[in-house]
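Encoded as structure tokens, the structure appears first; notes follow it.
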Amino acid sequence: MSLDKKILKALRIAGGAFTVQDIDKAIQADEMQLWQNERAVVVTELRTLPQYNIINIVLAAGDLDAVMAFQPAIEDFGRANGASRMVMMGREGWSAVLPKYGWKRDPRVMYEKEL
């Protein structure tokens, strides 16, 4: 599967919150950051919360090792921009992979109801 198809699949799994055009526009406006190479793409955003700042993984697609290779640079970028936590929301399969990279599962569960 091509990287473009993996990006579209990741956006579908994410519930359609963003389109490719939305992400492109946010990157151009410096509201999101793009991390990419020929095997993977990661999109992040810095968010300010009342008690702390985070770097949020908006999208990750491609070869798993290539995706995870971005983690140190993303962590450094987050710290340099005041983030004290890195977060992401993803499908259940990530819970088998992320602990190897220092992530812990958050005890909160996300539910969704369309209005």
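Taking amide hydrogens as placed 1.01 Å from N in the peptide plane, the amide H of MET32 sits under 5 Å from those of ILE27, each at least 5 positions away in sequence or on another chain. Computed from backbone phi with θ = phi - 60° and the Karplus coefficients 6.51, -1.76 and 1.60, the 3J(HN,Hα) list for region 8-24 is 4, 5, 4, 5, 5, 4, 6, x, x, 5, 9, 9, 4, 5, 4, 5, 4 Hz; x is used for glycine and proline. Near the amide H of MET88, within less than 5 Å, lie the amide hydrogens of ILE57, all on another chain or at least 5 residues away, with H placed in the peptide plane.
State to the nearest 20 debye the size of the charge dipole of the chain about its Cα centre, where the only charges are +1 on K and R beta carbons and -1 on D and E beta carbons. Each step should come with its number before you reach the end.
Values: 15 positive and 15 negative charges, 85 e Å.
Approximately 400 debye in magnitude.
Would you count, across the chain, every pair of lysines whose alpha carbons are under 27 angstrom apart, provided the pair is eight or more residues apart or spans two chains? Close lysine pairs found across the chain: 11.
Dividing the Cα radius of gyration by the Kirkwood radius, what Rg/Rh value follows for the chain? Before the final figure, lay out the partial values.
Values: Rg = 14.0 Å, Rh = 15.0 Å.
So for the chain, dividing Rg by the Kirkwood Rh gives 0.94.
If you take the square roots of the eigenvalues of the alpha-carbon gyration tensor of region 72-115 and sort them as a ≥ b ≥ c, do you get rounded (a/c under 1.5), prolate (a/b over b/c) or oblate? Present the calculation step by step, with values, prior to reporting the outcome.
Numbers: a/c = 2.70, a/b = 1.49, b/c = 1.82.
Cα axes put region 72-115 in the oblate bin.
Remark: region 90-102, residue by residue, has Karplus-estimated 3J(HN,Hα) of x, 6, 3, x, 5, 5, 7, 9, 4, x, 5, 10, x Hz, where x stands for each Gly or Pro and the curve is 6.51 cos²θ - 1.76 cosθ + 1.60 at θ = phi - 60°. Each Cα pair of region 15-79 feeds into the Kirkwood radius, which the Stokes-Einstein equation turns, at 25 °C and 0.890 mPa s, into a diffusion coefficient of 197 µm²/s.
What accessible area per residue comes out for region 1-87, rounded to a whole number of Å², with a 1.4 Å probe? All intermediate terms of the calculation are to be shown ahead of the outcome.
Numbers: 5400 Å² over 87 residues.
Heavy-atom SASA per residue in region 1-87 reads 62 Å².
Applying the Karplus relation 6.51 cos²θ - 1.76 cosθ + 1.60 with θ = phi - 60° to region 51-64 yields 3J(HN,Hα) values of 10, 6, 10, 10, 10, 9, 7, 7, 8, 9, 8, x, 5, 4 Hz, where x marks Gly and Pro. Report note on the peptides 58-69, 99-110, 39-50, 23-34: ranked by the mean count of other C-beta atoms within 10 Å, highest first, their order is 58-69, 39-50, 23-34, 99-110.
The values are calculated or read from the model by the stated rules, or taken from the named source; none is laboratory data. On a predicted model such as this, the values are computed, not experimentally measured, just so you know. With ideal geometry, Cβ positions are generated from the backbone for all residues, glycine too; neighbour counts draw on all protein chains shown. Accessible surface is based on the protein model in full, side chains and every heavy atom, while ligands, DNA and RNA are left aside. Shrake-Rupley method; radii C 1.70, N 1.55, O 1.52, S 1.80 Å.
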